[in-house]
Amino acid sequence: MTAQIISGTEIAKQIREEIKQEVAELKEKHNVVPGLVTVLVGEDPASQVYVGQKEKTSAALGIYSERHDLPADTSEADLLALIDKLNKDPKIHGILVQLPLPKHINETNVLFAIDPKKDVDGFHPVNVGKLMIGEPDYLPCTPHGIQQLLMRSGIETDGAEVVVVGRSNIVGKPIANILLQKQKGANATVTICHTHTRDISFHTKRADIIIAAAGKANAITADMVKEGVVIIDVGVNEIGKTAEGKRILVGDVDFEGVKEKARAITPVPGGVGPMTITMLMLNTLRAAKIKAGLI
Ligand code: NAP
């Protein structure tokens, strides 16, 4: 079997076009420009790249963006004061605090301080709870991107056995929750595996769809999956550097081995990655529409 390669790059491009058009209409008809602010504390190089990509994508889609780069020794009180100011700023519809934060800052306190209406990451407990009861305002970006990849590739989740490998609050738990909901693009029977699961292969071998979010290269190999499985590989693992010093990234799945058995599979890079930022833009647009009373 030759697997269909699900291109996150292509699907993200389509969705960005849709967002760009809606942003332009919102401005034209209602004089509203969605605004996103990113807050970065410290100089983590990967975080700087992510924040830069968010600014660039915002600009390309007509979304107003603002960036606050704070020194690594910023106190929690100062960060909370900035969030309070941004919560009240009418130009800003979405607030994104780039994680991880320096160790002296309590991440939970910071995420709880963001106004849930501006929580475009979907990490505030109000938004987590709304997702749980099937009435979300904002879906968290990576899991939402995964659902969109499945839907837009024509992969049916209704009644499917889905196995999620990983139980983090940002990927594993929310994607399980999204696919469990009683609605289109969901209705799956979901199993979540983690490091205390007795026999991961037992679960993955009977899965119609595997969502790999373990953060471990080769966590899923060909002997662990059945013929015709659909694989969404969320993992991003650095396995070395090229001679030019560029990072070599792979997913959690042995792509070459598994693609011989799979019906469809996402590559790394070019799979889930491009979807995450796109869904952030979608949430920012949604936040602006909610604020304008259009949703
Ligand atoms: P995380 O917080 O480290 O969580 C990893 C989860 O996987 C944990 O629940 C862990 O179990 C489980 N796990 C680890 N090794 C396992 C194994 N061998 N078998 C079964 N379960 C295992 O990571 P995360 O934030 O969810 O991210 C997961 C991966 O996705 C990372 O590589 C990350 O870089 C990537 N990611 C990509 C995007 C994107 O946009 N492309 C976005 C977010 C994350 P325990 O709970 O028992 O420890």
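The values are calculated or read from the model by the stated rules, or taken from the named source; none is laboratory data. Every value quoted in this text rests on a predicted model; they were computed, and no experiment measured them. We place every Cβ from the backbone using ideal geometry, glycine too, and count neighbours over all the protein chains shown.
Does at least one position in region 38-59 carry a residue that is touching a helix residue (DSSP H, G or I) at 6+ places or on another chain (Cβ under 8 Å), crowded, with 16+ Cβ neighbours inside 10 Å, assigned to a loop (DSSP other than H, G, I, E, B) and not basic (Lys, Arg)?
Within region 38-59, not a single residue is touching a helix residue (DSSP H, G or I) at 6+ places or on another chain (Cβ under 8 Å), crowded, with 16+ Cβ neighbours inside 10 Å, assigned to a loop (DSSP other than H, G, I, E, B) and not basic (Lys, Arg).
With region 183-295 as the region, which helices (runs of 4 or more DSSP H) entirely inside it contain at least 1 residues that are aliphatic (A, V, I, L, M), closer than 30 Å to ASP115 by Cα and at pLDDT 95 or above?
Counting at least 1 such residues, we get 273-291.
How many residues are within 16 Å of the ligand (Cβ to nearest atom) and crowded, with 22+ Cβ neighbours inside 10 Å if we restrict to region 230-254?
Matching residues across region 230-254 total 8.
Okay, residues lined up against (1) farther than 24 Å from THR278 by Cα; (2) outside the structural domain of VAL268 (by TED's automatic domain parsing):
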| position | (1), (2) |
| --- | --- |
| PRO71 | yes, yes |
| ASN87 | no, yes |
| LYS103 | yes, yes |
| VAL126 | no, yes |
| ILE133 | yes, yes |
| GLY154 | no, no |
| GLY159 | yes, no |
| ALA176 | no, no |
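Quick check on ASP208: is it crowded, with 23+ Cβ neighbours inside 10 Å, in contact with a strand residue (DSSP E or B) (Cβ under 6 Å, 6 or more places away or on another chain) and among the acidic types (Asp, Glu)?
The answer is no for ASP208.
Just name the residue that is farthest from the ligand (Cβ to nearest atom) out of those in region 159-174 that are touching a residue at least 40 places away in the same chain (Cβ under 8 Å) and in a helix (DSSP H, G or I).
PRO174
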